[in-house]
Amino acid sequence: QVQLVESGGGLVQPGGSLRLSCAASGIRFSLYAMGWYRQAPGKQRELVARIRSGVTTNYADSVKGRFTISRDNAKNTVYLQMNSLKPEDTAVYYCNAEWSTRTYWGQGTQVTVSS
């Protein structure tokens, strides 16, 4: 059974930082491209950052220079370090795993940026 379990969300003030984690089980983690997506109320889910099975990364323009995605294949975990958070970063953040035709999602973790 495949599981992606996110953690690390919460309430933070503008300018603050959070680190999200996503622990994967039931997949050959090192084969998968891992991504973080987010969905704000009334908006479509959007890609935030993605890291391939190697080290290639890509980011949404809105988070470049502020967010960093990384992975630890020994721990089957992907991280999203979020710095200089803005109110517009408020959303539910979802972990995603993709390989070939297989796609899996986590349950999401809420990030709220507010003073």
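The values are calculated or read from the model by the stated rules, or taken from the named source; none is laboratory data. Here the structure is a predicted model, which is why all the values come from computation and not from measurement. For neighbour counting, all protein chains shown are included, and Cβ atoms are generated from backbone atoms with ideal geometry for every residue, glycine included. Ligands, DNA and RNA are stripped out before the accessible areas are found, and what is left, the full protein with its side chains, is counted by its heavy atoms. Shrake-Rupley method; radii C 1.70, N 1.55, O 1.52, S 1.80 Å.
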Among residues of the range 97-111, those that are among the polar types (S, T, N, Q), open to solvent by less than 70 Å² (accessible area, probe 1.4 Å) and within 13 Å of LEU20 (Cα to Cα), counted:
1
Residue check for THR77: farther than 10 Å from MET34 by Cβ and hydroxyl-bearing (Ser, Thr, Tyr)
no
Given (1) of a type in the set (A, V, I, L, M, F, W, C); (2) within 10 Å of the chain's Cα centre (by Cα); (3) over 14 Å from ASP89 (Cβ atoms), ALA49 misses just (3)
Given the condition assigned to a loop (DSSP other than H, G, I, E, B), open to solvent by 20 Å² or more (accessible area, probe 1.4 Å) and under 23 Å from GLN13 (Cβ atoms), answer yes or no: does some residue in the range 69-82 qualify?
no
Just to verify a result, which residue in the range 45-68, among those that are of a type in the set (A, V, I, L, M) and not in a strand (DSSP E or B), is modelled with the lowest pLDDT?
VAL55
In the range 86-96, how many are open to solvent by less than 30 Å² (accessible area, probe 1.4 Å), in a strand (DSSP E or B) and over 16 Å from ILE51 (Cα atoms)?
1
With the requirement that a residue be within 12 Å of the chain's Cα centre (by Cα) and of a type outside the set (Gly, Ala, Ser), what does the range 22-44 give you?
CYS22, MET34, TRP36, TYR37, ARG38, GLN39
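The rows are residues; the columns are (1) within 18 Å of GLY106 (Cβ to Cβ); (2) crowded, with 18+ Cβ neighbours inside 10 Å; (3) touching a residue at least 40 places away in the same chain (Cβ under 8 Å).
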residue: ALA40; (1), (2), (3): yes, no, yes
residue: GLU46; (1), (2), (3): yes, no, no
residue: LYS64; (1), (2), (3): no, no, no
residue: SER84; (1), (2), (3): no, no, yes
